[in-house]
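Presented below is the structure to which this report refers.
The values are calculated or read from the model by the stated rules, or taken from the named source; none is laboratory data. Keep in mind that what you see is a predicted model, and the values were worked out from it rather than measured. With ideal geometry, Cβ positions are generated from the backbone for all residues, glycine too; neighbour counts draw on all protein chains shown. Accessible surface areas use protein heavy atoms only, side chains included; no ligands, DNA or RNA. Shrake-Rupley method; radii C 1.70, N 1.55, O 1.52, S 1.80 Å.
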Amino acid sequence: MPPSKRRSEPFTTFDALNDGPFSSDRALATTWYERPVVDVARDLLGCLLVSMLDGATVAGVIVETEAYDGEDDPASHSAFRRTGVVRAMWGPRGTAYVYRAYGMYPCFNVVAGPGERPAAVLIRALHPLHNIETMSARTGRKADARVAAGPGLTGKALGIDLDDNGRALQDPPLWIQPGAEDFTIVSGPRIGITRGVEAEWRFGVRGAPALSRRFP
């Protein structure tokens with residue numbers, strides 16, 4: 001089958017999740033995040049990310065992540081800064097670390113890892129499930145499967161901003177809950193960085209339309 005034919009086929013992997021249920025009662029506990037950050041980054045794939053920020057409920061499946069592992073990871077913000085919003089990386093596991101890329105794009109990370117190690121997982125892309133119209137209005141993108149493709153668009157689609165830095169992710173208005181398990185994981189080097197580029201700590205759901213285009 002020609003590659004162009006494959007790309008035109010609908011992505012149905014998460015269709016069974018379209019109607020939820022979306023409930024913070026099922027939120028991942030803080031202890032779930034108290035594991036090596038690379039494992040957490042891989043295991044977050046397929047989970048549901050739900051936001052009730054700004055008066056609208058939106059939800060999507062996490063389809064791309066990147067791990068950043070502490071002060072000895074040269075690509076991590078914690079390797080060269082401890083002030084400002086970066087302080088959230090030393091906070092409780094299962095909380096949000098939010099920063100603005102290029103001063104404009106809100107990027108949403110989940111603090112993870114054992115102990116108080118300043119590690120986090122960047123949520124790079126979501127597959128939209130619920131209220132794609134609001135996601136589209138927030139991002140200025142078409143209401144399609146790539147409305148939250150990329151970390152900046154993901155943050156915008158969820159309504160996240162710097163005020164959410166340090167927010168716990170076990171209760172409304174923002175939480176992560178279990179989702180799908182039946183999919184194939186792809187991995188590759190992290191992108192958008194100049195240091196630590198050799199670490200293959202970026203993970204994605206094979207075939208998801210929202211994936212970055214630079215997976216091997």
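Quick notes
- Within the shell defined by Cβ-Cβ distances under 13 Å, the residues around Thr139 carry a net charge of +3, with Lys and Arg each +1 and Asp and Glu each -1.
- Accessible area in the full protein assembly, largest first, 1.4 Å probe, for Glu116, Glu71: Glu116, Glu71
- Shape call, region 67-110: gyration tensor on alpha carbons, a/c limit 1.5: oblate
- Our estimate of slack between Glu200 and Asp144, defined as 0.36 nm per intervening residue step minus the Cα-Cα distance, is 17.3 nm.
- Among the trypsin sites (Lys or Arg not before Pro) in region 87-190, those placed in a DSSP loop whose Cβ has at most 16 other Cβ atoms within 10 Å are Lys142.
- Summarising the amide proton neighbourhood of Trp175: residues at separation of 5 or more, or on other chains, whose placed amide H is nearer than 5 Å comprise Val50.
- Comparing Ala101, Ala59, Ala41 in a Gaussian network model of the chain, where Cα atoms under 10 Å apart are tied by springs, the biggest mean-square fluctuation is seen for Ala101.
- Cα gyration tensor shape for region 32-166, rounded if a/c is under 1.5, else prolate or oblate: prolate
- Net charge contributed by nearby residues that have their C-beta within less than 12 Å of Pro106 (K/R +1, D/E -1): 0
- Accessible carbon and sulfur surface of the chain relative to its total accessible area, %, 1.4 Å: 49 percent
- Close amide-amide hydrogen proximity is noted between Thr95 and Val111, each under 5 Å apart and 5 or more residues distant or on a separate chain (H modeled in the peptide plane; Pro and chain starts excluded).
- Neighbour count of at most 13 Cβ within 10 Å plus DSSP loop: longest chymotrypsin sites (Phe, Trp or Tyr not before Pro)-free window in the chain: 103-216
- Remark: region 41-155 carries 36 Å² of accessible area per residue (probe radius 1.4 Å; ligands, DNA and RNA excluded).
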